[in-house]
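The values are calculated or read from the model by the stated rules, or taken from the named source; none is laboratory data. Just so it is clear, the structure is predicted and the values come from calculations on it, not from any experiment. Methodologically, a virtual Cβ is constructed for each residue, glycine included, from the backbone with ideal geometry; neighbour enumeration extends over all protein chains shown. Ligands, DNA and RNA are stripped out before the accessible areas are found, and what is left, the full protein with its side chains, is counted by its heavy atoms. Shrake-Rupley method; radii C 1.70, N 1.55, O 1.52, S 1.80 Å.
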Amino acid sequence: SSGINAEYGCNKYEHRLAEVREQQTCLDNELRYAHKELEKLKKTNIFNTVFHIWHDGHFGTINGFKLGRLPTCTVDWEEVSAAWGQTALLLYSLAKATDFNFQRFQIVPYGSQSYIQGETKFPLYTHGGLRLFLDAKFDQGMVNFLDCLKQFLDSIEKKGSFNFPYKIDKSKIGDQKGFYSIKLHFNSEEQWTKALKYMLIDLKWALTVVAHSKRDK
């Protein structure tokens, strides 16, 4: 009887040991998976977390800020300037992450007073009013930003077979359906807002491409 009990106890112990080992193996696998995911997260999409590009009707938005204005929907210039600040920071960050250097210009992200540094300082912000129409520097700042964006997108396209949805031609951006000017002067608000939306869509694609290339390394 004691022999049977001992054998039963031994079998019970071995069975429990097997259960513990199985649990340990599962735990090891879970830890390995968690570690792998953590490493992937470290490499990947910090950009998508920090920069959220979306749309709100006819407007492209970045981190909730509308970029553009319409006769039917007046957006405060403070919001437009804040959106430009986020946009400048995104392109600046993408260039840094890929060791890309812009020709002719430097992007200086400075919140809602960001600017492009060339032979002089070109603002990516405005307070509106009469000054906006008397001073073309805001227009030139946006054109110079588009120049920087084209340089960056071209560098990505040269590396692979990826093509961005909208093409940039000097101060205009668009596709086979039409190109729209990024300048405010001699332009309608609708067309200006459409150009800005196209620009943000290209930037969203660039963000995704860079995030994937970082994750795959």
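Tabulated data for the structure shown
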{"read-out": "Residue in the stretch 126-137 that is at pLDDT 95 or above, within 24 Å of Arg69 (Cβ to Cβ) and crowded, with 17+ Cβ neighbours inside 10 Å present", "value": "no"}
{"read-out": "Lone qualifier among Ile182, Ile173, Ile116, Ile201 - being more than 15 Å from Ala88 (Cβ to Cβ), at pLDDT 95 or above and touching a Leu at 6+ places or on another chain (Cβ under 8 Å)", "value": "Ile173"}
{"read-out": "Number of the exception - Ile116 against (1) of a type outside the set (Lys, Arg); (2) closer than 23 Å to Gln191 by Cβ; (3) open to solvent by 30 Å² or more (accessible area, probe 1.4 Å)", "value": "(3)"}
{"read-out": "Subset of the stretch 57-78 (residues that are open to solvent by less than 80 Å² (accessible area, probe 1.4 Å) and on the phi < 0 side of the Ramachandran plot)", "value": "Phe59, Gly60, Thr61, Ile62, Phe65, Lys66, Leu67, Arg69, Leu70, Cys73, Val75, Trp77"}
{"read-out": "Residue check for Leu207: at pLDDT below 95, over 14 Å from Leu91 (Cα atoms), crowded, with 17+ Cβ neighbours inside 10 Å and not acidic (Asp, Glu)", "value": "no"}
{"read-out": "Every pair of residues 6+ apart whose Cβ atoms lie under 9 Å, when the first sits in the stretch 145-157 and is modelled with pLDDT under 95 while the second is open to solvent by less than 20 Å² (accessible area, probe 1.4 Å)", "value": "Ile156/Phe164; Ile156/Ala206; Ile156/Val210; Glu157/Phe164"}
{"read-out": "Among (1) under 18 Å from Thr208 (Cβ atoms); (2) surrounded by fewer than 19 Cβ atoms within 10 Å (Cβ to Cβ); (3) touching a Leu at 6+ places or on another chain (Cβ under 7 Å), the one test that Leu94 misses", "value": "(2)"}
{"read-out": "Scan of the stretch 85-121 for residues that are in contact (Cβ under 8 Å) with a residue 40 or more places away in the chain and of a type in the set (D, E, K, R), ordered by number", "value": "Arg104"}
